[in-house]
Amino acid sequence: MAEPIPIAAVVLSHNEAANLPRCLRALRDCAEIVVVDDGSTDDSRRVAGECGARVVEHPFDSFADQRNWAMASAGLRNDWALHLDADEVMTPAALEEIRRRLPTLSSGSAGFLARKVMLGQKWLRFSADYPVFVPRLIHRQGPRYAMRGHGETLASPPAAAVYFTEPLLHYNFSKGWAEWRARHLRYAAAEAARIRSGAAAVSGRALFAKDRSIRRAALRTLSYRLPGRPALRFLYAYLLKLGFLDGREGWIFCRAMASYERMIDAALRQPAESRNP
């Protein structure tokens, strides 16, 4: 039997009892599994414990703050942390690639994994713009996270950006469309706040960066200056990126992402007094 992979898998949770079993059972080869729970009122804590995870509770402020807190204060026994959300699932191949490459990484490095966005059991190979890489394997003494809109990125460039070949699976719609809409209304508000603050200014250097994730973020920032963005987002994903090849699920996903752009537009139009009750 192979030795456990010497990493701490850190999973963020808030009322994720339905998602945790699939996420946590896929991590059984990790030396340590820690669930950072934000006061769940369902069975998340019990389910996590039954799946072999150690549960710690910490109020959620942002994805970046929660992941940073886990590395500093959750009592991790291993130096490397693999950061996941409860609706993400590591494949055996992805974990084995981490096992194989981990000894070659310096503490200042960051491991980037691509996510396969799933709608049901369908991989949205085209419409979700695969591969989009996210920094998820971080040394406890290495880089820290910072928020950019509703998503997190690294606060400063790592000593080395290491891109893994094997992806993880992202079941972004696993809690139903009502939850998806409620979550994306919050994301839209955060994105609108970022735009108003000036943090979404376009950088020419970023547009031509070697790092694909930096280029993608810069292009998205540039898109905020375009009229008819919801329709453009649909056409980009469904036609230019061949989302129609994903079939019915691709059509549904592309329409959903166009609706997200409309949420951002609505948040930007919201009067200041209603934004700050």
Check your understanding: Using a simple spin-label model with points 7 Å from Cα along the Cα→Cβ vector, what separation in nm is obtained for residue 141 and residue 262?
Key -> 5.2
Review point. Can you give the accessible area of residue 241 in Å² (nearest 10), computed on protein heavy atoms with a 1.4 Å probe?
Key: 70
Point to revise | Calculated FRET efficiency for the pair residue 235/residue 38, C-beta based, R₀ 41 Å, to 0.05 | key: 0.65
Review point. Carbon-plus-sulfur fraction of the accessible area of the chain, 1.4 Å probe, in percent?
Key: 55
Check your understanding: In degrees between 0 and 90, to the nearest 10, how far off the longest principal axis of the chain does helix 63-73 point, with axes built from Cα atoms?
Key -> 20
Check your understanding: Sorted by mean Cβ packing within 10 Å, highest first, what order do the peptides 26-34, 152-160 take?
Key -> 26-34, 152-160
Review point. Which entry is the computed log10 I(q)/I(0) by the Debye sum over Cα atoms at q = 0.09, 0.12, 0.15 Å⁻¹ for this structure: (i) -0.35, -0.65, -1.06; (ii) -0.63, -1.02, -1.25; (iii) -0.43, -0.80, -1.28?
Key: (iii)
Point to revise | Å² of accessible area per residue within the chain, as computed with a 1.4 Å probe and no ligands counted | key: 50
Revision key, fill the gap. Checking the range 70-142 for trypsin sites (Lys or Arg not before Pro) in a loop per DSSP with at most 13 other beta-carbon atoms within 10 Å yields 77
Study note, to complete from the structure: GNM on the chain, Cα springs under 10 Å; top mean-square fluctuation among 149, 108, 75 goes to 75
Practice item. Could you tally the net charge around residue 43, taking each other residue with its Cβ under 13 Å from the Cβ of residue 43, Lys/Arg +1 and Asp/Glu -1? Key: -2
**Study point:** Placed amide H near residue 7: partners under 5 Å, 5+ positions off or other chain
**Key:** 31, 32
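The values are calculated or read from the model by the stated rules, or taken from the named source; none is laboratory data. Since we're looking at a predicted model, the values are computed, not measured. As a convention, Cβ positions derive from the backbone with ideal geometry for all residues, glycine included, and neighbour counts pool all protein chains shown. Surface accessibility is based on the protein's heavy atoms, side chains included, excluding ligands, DNA and RNA. Shrake-Rupley method; radii C 1.70, N 1.55, O 1.52, S 1.80 Å.
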